[in-house]
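The next block holds one structure in the form of structure tokens; read it before the comments.
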Amino acid sequence: MKRPGLIGVIGGVALGALTSAAVVGCAPIVVAAVSQPIQMAAPQVAPLPIAAINDHGLPQLTAQLEALAGVGQFNGAVLVARGDQIIFRQAYGVADVETGRRLAVDDRFRLASVSKQFTAAAILRLQDEGRLSVEDPVCRWFSPCPDGWGPIRLSHLLAHTSGLPDLMDRPAWGDRRVTPATLAELTRETESYGPRFEPGSRADYNNAGYNLLAEVVSRASGQPFEAYLQQTFFDPLGMNDTGSDADGQGHGVVQGHNSGGAGLVPGPVANVSIIAGAGALYSNLDDLLTWQRALHHGRVLSVAGYDQMIADHGPADQGLPEGARPRGWGYGLFTSDLGSGAVPPFHAWQIYHTGSWAGFRNLVSYLPEGDVTVIVLTNNYHQRDIVFLITQQAMAESIGAPFPTGLQQ
């Protein structure tokens, strides 16, 4: 039997993955009893020690990236860390093709769907504090309960199993894509749709669900979603180059690009207001390393909350393309043995998420066995395969596995 390719594992994770589904009835359903919040010991979020830097520790990756950048096949920034030590940290190419400014290692990139882990962490942090439960019926937070929403719980939104249609699956998506919106407006639009399949019965990647989760964070915390993230995570951790661009102010983010016939061309207008909870954040290499170290080392969530975040909540029907490698559907994160999809293959069960939107393509991955973090941020949308390969090359060299030369198809 032919092994499914690595692209099949990660393809569809980016914003815009579409999966058809049967429509289910949307008659009003009696709302289940509200689950009682259980307060768990949430760690204090505090600044971490500055990571030690030895950014010339991966000679094979260095040679590969220099070769790719030299012929215009890679434009972005890469960081690799083993524990608290940075072993690779470099940027290549341009921040803006029209001005010619070169990328710097501290430049800010749009995270796209890498943002989802912050939304999920906010929900789990509020659970740790006893303000909600992931088993809450969604209609605890949205009243009156929209037709058909009775069986949907917050856990279904977190794991992409709610059955609600995604933004891209709706009529007039083209207009919505370019029209700014508030979370309240996005919520009202989503409330007009019922689930297309029984909640929990299948996985169907869903950005609209993460916008709803952002609204829940706002209602449970009593403050705007962006302010909650800033005050709960970014400020305490010293993540000074991370925030939300849902307000459309740009915030110093580099220009996104597409690959045109004559090279890079500026990407489309971002308008991340329509993905406020699903993909509106920006950050840079160093801040993302700070976040990865805090998240995976018990500085953000309780042990129980973190375990829920990385557990596989996916049903048997994962809604993946034919031949795709199965993955674990966590909350705002995925898990998979991504290394087995490289050529030559190696074993590396990783906790990861991709992101793609408006001229950007990213992958952030963490290998618990070895405590290795790989962050690849690019401002060229058309670098999917290169981003995947670079990530696995960095992982392989970091743990002493054979250096991959390609990806299985």
- Is it the case that residue 328 is touching a residue at least 24 places away in the same chain (Cβ under 8 Å) and not β-branched (Val, Ile, Thr)? no
- Task: Give 89, 125 a once-over and let me know the one that is touching a strand residue (DSSP E or B) at 6+ places or on another chain (Cβ under 7 Å), charged (D, E, K, R) and open to solvent by less than 50 Å² (accessible area, probe 1.4 Å).
- Result: 89
- Query: Of the numbered conditions (1) at pLDDT below 95; (2) surrounded by fewer than 16 Cβ atoms within 10 Å (Cβ to Cβ); (3) under 30 Å from residue 256 (Cβ atoms), residue 35 satisfies every one except a single condition; which is it?
  - Reply: (3)
- So is residue 308 of a type in the set (S, T, N, Q), open to solvent by 40 Å² or more (accessible area, probe 1.4 Å) and either on the phi > 0 side of the Ramachandran plot or modelled with pLDDT under 95 (or both) or not? no
- Query: Which is touching a residue at least 12 places away in the same chain (Cβ under 8 Å), open to solvent by 10 Å² or more (accessible area, probe 1.4 Å) and part of a strand (DSSP E or B), of 381, 352, 366?
  - Reply: 366
- Residues that are among the hydrophobic types (A, V, I, L, M, F, W, C) and within 21 Å of residue 98 (Cβ to Cβ): which strands (runs of 3 or more DSSP E) entirely in the stretch 240-347 hold 2 or more of them? 263-266
- In the stretch 283-305, anything open to solvent by 20 Å² or more (accessible area, probe 1.4 Å) and of a type in the set (Ser, Thr, Tyr) is listed as 290
- Just to be sure, is residue 69 in contact (Cβ under 8 Å) with a residue 24 or more places away in the chain and open to solvent by 20 Å² or more (accessible area, probe 1.4 Å)? yes
- Query: Do you know which residues across the stretch 231-259 are free of Cβ contacts under 8 Å to residues at least 60 places away in the same chain and of a type in the set (D, E, K, R)?
  - Reply: 235, 247
- Note on the structure: Among residues of the stretch 144-161 being within 15 Å of residue 192 (Cβ to Cβ) and not hydrophobic (A, V, I, L, M, F, W, C), the residue surrounded by the fewest Cβ atoms within 10 Å (Cβ to Cβ) is 144
- Query: Within the stretch 394-401, is there a residue that is crowded, with 20+ Cβ neighbours inside 10 Å, under 14 Å from the mean Cα position of the chain (by Cα), of a type in the set (A, V, I, L, M) and closer than 28 Å to residue 322 by Cβ?
  - Reply: no
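The values are calculated or read from the model by the stated rules, or taken from the named source; none is laboratory data. The shown structure was predicted, so the numbers you read here are calculated from the model rather than taken from an experiment. Backbone-built Cβ (ideal geometry, glycine too); neighbour counts: all protein chains shown. These accessible areas exclude ligands, DNA and RNA; they are computed on the full protein's heavy atoms, side chains included. Shrake-Rupley method; radii C 1.70, N 1.55, O 1.52, S 1.80 Å.
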